[in-house]
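Report on the following structure.
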Amino acid sequence: QVQLVESGGGSVQPGGSLRLSCAASGIIFSINTMGWYRQAPGKQRELVATITSGGSTNYADSVKGRFTISRDNAKNTVYLQMNSLKPEDTAVYYCKLSHRAWTWSTMRDYWGQGTQVTVSS
């Protein structure tokens, strides 16, 4: 079983910054993808950013140029540096890890408990 623990959430004023961290533990295969998703009350969960174990990144259009995702493969930890925060960024942010043991096996997804990010003046 894989467990993910997020940290770094909180309240910040518009234009401020926060850095989220997510540490994964358990049996984790070396080829994997980790990412951040967010969900506001009454809305669907949406992708924020992902990063592969090889370092390839993908961002939602709404956060490009403001957020940066990175990871430390040795620690199985993923980070999300959030700059120029807007009220629209307010949501619960969830960490996700996706991997599979072999190329023929099914993809497995694991989620963290989430951390609240609130942007308001």
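Any read-out appearing in this document is the output of simple, stated calculations on the displayed coordinates, not a laboratory observation. Every value quoted in this text rests on a predicted model; they were computed, and no experiment measured them. Cβ: placed from backbone, ideal geometry, glycine included. Neighbour counts: every protein chain shown.
Could you pull out the chymotrypsin sites (Phe, Trp or Tyr not before Pro) across segment 52-112 that fall in loop regions by DSSP (anything but H, G, I, E, B) with no more than 12 other Cβ atoms inside 10 Å?
Of the chymotrypsin sites (Phe, Trp or Tyr not before Pro), the ones in loops of segment 52-112 whose Cβ has at most 12 other Cβ atoms within 10 Å are TRP102, TRP104.
What FRET efficiency would be calculated for the residue pair SER11, ILE31, taking the C-beta separation as r and a Förster radius of 41 Å, to the nearest 0.05?
E(calc), rounded to 0.05, equals 0.65.
How large is ³J(HN,Hα) for each residue in segment 42-49, as worked out from phi by the Karplus curve 6.51 cos²θ - 1.76 cosθ + 1.60 (θ = phi - 60°), to whole Hz, x for Gly and Pro?
Computed from phi, the couplings for segment 42-49 are x, 10, 6, 5, 10, 6, 9, 6 Hz.
Only loop residues by DSSP count here, and only those with at most 13 other Cβ atoms within 10 Å; note down the trypsin sites (Lys or Arg not before Pro) in segment 69-121 that meet that.
Sparse-neighbourhood loop trypsin sites (Lys or Arg not before Pro): LYS75, ARG100.
Relative contact order for the chain using alpha-carbon pairs under 8 Å, separation at least 6, rounded to a whole percent?
35
To the nearest 20 Debye, how big is the dipole of segment 7-121 about its Cα centre, given +1 on the beta carbon of each Lys and Arg and -1 on that of each Asp and Glu?
For segment 7-121, the charge dipole is close to 100 debye.
How big is the equivalent ellipsoid of the chain along its three axes, where each semi-axis is √(5λ) from the Cα gyration tensor, reported in whole Å from largest to smallest?
26, 14, 13
Return the lysines within reach of LYS43: Cα separation strictly under 25 angstrom, same-chain partners fewer than 8 residues apart disregarded; answer none if there are no such residues.
Within the straight-line cut-off, LYS43 pairs with LYS64, LYS86, LYS96.
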